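A short write-up of the structure that comes next.
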Amino acid sequence: MIYDFLLDPAHHGFKTWFKNTKKNNRPCINHINMPTRMLLESINSIDHQHPCIKHFEKKPNWPCLTSKDFMPKNPCELSFPLMIGGPCSLESKQQLTQTIHQLYPITKYIRAGIYKPRTNAHQFQGLGPAGVELIHDLKQTHHFQLVSEITCPSQIEGMSKICSIFQVGTRNMSNTALLKALGQTDLPIILKRSLSGTYEEWLQSAEYIIKAGNPQVILCERGIRTFEPATRNTFDINAIPYLKAKTNLPIIADTSHGTGHRHLVAPIALAAITAGADGLLIEAHPTPLTSITDANQALSIEECSALFNQAQALVDFLESNNT
Ligand code: PEP
Ligand code: MN
């Protein structure tokens, strides 16, 4: 009966969101877009030979839904490499209009923080609801896809009207209430690694989103805290090939927060692409020195465009050489 369910979900009342094929004569989920707990329970109850379940039994805490056995292809409905650029924080209409105009020929994905998770409670916290309004107005006249951070489940409703991709910031990687709430949306979620998060903990956070029903998780390496004070963080390039061997979730690189210094952003971004990153998340500002937040790491829009062009050329070269 459960085999029937896996082979013919539509017949059992589920939309044909996920199709399955047979791999080694066992049902194999190719595309998950349904409450995954139900799916996991179904598999759990029928097929203890499923490699994912066997792995789970051997090491009960190891991430399961994000494994290649369980999710044999990238579940995100976006095209890669994904290039996302724009200011750390949304400051004004003029700031974003200029960013969109200059970046649009290269990418339609524009980042701009509206709710900012700041270390210092006394500093600019983002425009908040006024920023949501501003984007709403701008969308009447400009075409762009907004990528912005959600810091609290109550923001999801308003932000889902203006965002194409949500971001979970470093400080919230383990905020399980937020992860579960985002798992109930159908937008792709960029999940940033926390300052001291291990690969396993990071994937466990992705499991929360997927288990709640949203498989479209994009991992984002943004540097970790180490003993080195010269750079804001240490960009962990190992994370990219390591995770690409473990999971089919895409992984992008934020070398702005990963380095904290404008002159390091591009070289490390190109290194990340060489290591296999599926895209970049870069802070750029029309007048970087005046940026209200993260001015030290902001590129100009021209520098950001040049970086995206170089990164795309590098991806093309690597693909044509099959590396
Ligand atoms: C950001 O993207 O502006 C940001 C706050 O990033 P992180 O969560 O990586 O610190
Ligand atoms: Mn920032």
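The values are calculated or read from the model by the stated rules, or taken from the named source; none is laboratory data. Everything numeric here is computed off the predicted structure, so don't read it as measured data. Please note: Cβ atoms are built from the backbone with ideal geometry, for glycine as well, and neighbour counts cover all protein chains shown. Note: areas computed on protein heavy atoms with side chains; ligands, DNA, RNA excluded. Shrake-Rupley method; radii C 1.70, N 1.55, O 1.52, S 1.80 Å.
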Scope region 95-108; condition in contact (Cβ under 8 Å) with a residue 40 or more places away in the chain and either within 18 Å of residue 288 (Cα to Cα) or within 16 Å of ligand 2 (Cβ to nearest atom) (or both); matching residues: 95, 96, 97, 98, 99, 100, 102, 103
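Considering only residues that are in contact (Cβ under 8 Å) with a residue 12 or more places away in the chain and more than 16 Å from ligand 1 (Cβ to nearest atom), which ones fall in region 288-305?
Applying the first criterion (in contact (Cβ under 8 Å) with a residue 12 or more places away in the chain) to region 288-305 yields 288, 291-294, 296-305.
Within region 288-305, 300, 301, 302, 303, 305 qualify.
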Total residues in region 92-108, condition in contact with a Gly (Cβ under 9 Å, 6 or more places away or on another chain) and either closer than 18 Å to residue 129 by Cα or surrounded by 22 or more Cβ atoms within 10 Å (Cβ to Cβ) (or both): 4
Matching residues in region 245-264 - criterion: being within 13 Å of ligand 1 (Cβ to nearest atom) and at negative phi: 252, 253, 254, 255, 256, 257, 258, 259
Positions within region 79-111 being part of a loop (DSSP other than H, G, I, E, B) and either at positive phi or acidic (Asp, Glu) (or both), in sequence order: 91
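Identify all residues within region 125-140 that are within 12 Å of ligand 1 (Cβ to nearest atom) and either in contact (Cβ under 8 Å) with a residue 60 or more places away in the chain or open to solvent by 50 Å² or more (accessible area, probe 1.4 Å) (or both); write none if there are none. Outline the logic, then answer.
At the first step, the residues of region 125-140 found to be within 12 Å of ligand 1 (Cβ to nearest atom) are 125-126.
Matches in region 125-140: 125 only.
Here are some residues: 119, 151. Which one is among the polar types (S, T, N, Q) and under 16 Å from the mean Cα position of the chain (by Cα)?
From the options 119, 151, the qualifying one is 151.
For region 203-218, does any single residue satisfy the condition of being closer than 21 Å to residue 269 by Cα and small (Gly, Ala, Ser)? Break it down into steps so the answer makes sense when it comes.
Within region 203-218, the first condition is being closer than 21 Å to residue 269 by Cα, and the residues that meet it are 217-218.
Next, from what is left, pick out any that are small (Gly, Ala, Ser): none.
No, the conditions are met nowhere in region 203-218.
If a residue must be within 10 Å of ligand 2 (Cβ to nearest atom) and part of a strand (DSSP E or B), how many such residues does region 282-293 contain?
If we filter region 282-293 for residues that are within 10 Å of ligand 2 (Cβ to nearest atom), which is where we start, we get 283, 291, 293.
When the remaining residues are screened for being part of a strand (DSSP E or B), the result is 283.
Total satisfying the criteria: 1.
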Residue 116 being open to solvent by 20 Å² or more (accessible area, probe 1.4 Å), within 12 Å of ligand 2 (Cβ to nearest atom) and over 22 Å from residue 184 (Cβ atoms): yes
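I'd like to know if region 268-279 contains one or more residues that are among the charged types (D, E, K, R) and either within 16 Å of ligand 2 (Cβ to nearest atom) or more than 21 Å from the chain's Cα centre (by Cα) (or both). Even if it seems obvious, please write down each step before you answer.
Initial filter on region 268-279 (among the charged types (D, E, K, R)): 278.
Within this subset, residues satisfying the condition of being either within 16 Å of ligand 2 (Cβ to nearest atom) or more than 21 Å from the chain's Cα centre (by Cα) (or both) are none.
No: zero hits.
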